[in-house]
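Novice: Here it is, the structure, as structure tokens.
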Amino acid sequence: MDEPNPFISEDEVGEVASVAYRYRKWDLDGGVVLVARCEHDAVTVGSAGDNQFINIKALNEWDSRVCILTVRNETVSLK
């Protein structure tokens, strides 16, 4: 990003998982303006040379008591 992280000190660089924030603004008509803070985990350069912002998320939950198996478009619950 263009600006450094203002929430970490010099001795914490490389130790803190950092995210970037961008503010987006939309005029929804009728006097309604929406402003949102968007969180980004990474930035890469696209094939056209433009910045592409990346969000990385994971759902790391597993309940071993529930197992669902799909066989030939039929869902079977194994208990």
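The values are calculated or read from the model by the stated rules, or taken from the named source; none is laboratory data. Model, not experiment: these values are computed from the prediction. Every residue, glycine among them, receives a Cβ derived from its backbone with ideal geometry; neighbour counts consider all protein chains shown.
Novice: Looking only at segment 37-53, count every residue that is exposed (fewer than 10 other Cβ atoms within 10 Å of the Cβ) and part of a strand (DSSP E or B) and tell me the total.
Specialist: Summing the residues that are exposed (fewer than 10 other Cβ atoms within 10 Å of the Cβ) and part of a strand (DSSP E or B) in segment 37-53 gives 3.
Novice: Please verify whether Val32 is among the aliphatic types (A, V, I, L, M) and at pLDDT 85 or above, treating the condition exactly as stated. I'd like the intermediate steps shown before the answer.
Specialist: Working: among the aliphatic types (A, V, I, L, M): yes; at pLDDT 85 or above: yes.
Answer is yes for this residue.
Novice: Let me ask something additional. Of all residues being among the hydrophobic types (A, V, I, L, M, F, W, C) and in a loop (DSSP other than H, G, I, E, B) in segment 1-28, which is modelled with the highest pLDDT? Just the residue, please.
Specialist: In the first step, residues of segment 1-28 are kept if they are among the hydrophobic types (A, V, I, L, M, F, W, C); the result is 1, 7-8, 13, 16-17, 19-20, 26, 28.
Remaining after also requiring in a loop (DSSP other than H, G, I, E, B): 1, 7-8, 13, 16-17, 19, 28.
Details: Met1: 61, Phe7: 70, Ile8: 73, Val13: 66, Val16: 64, Ala17: 63, Val19: 76, Leu28: 92.
Only one residue tops the list, namely Leu28.
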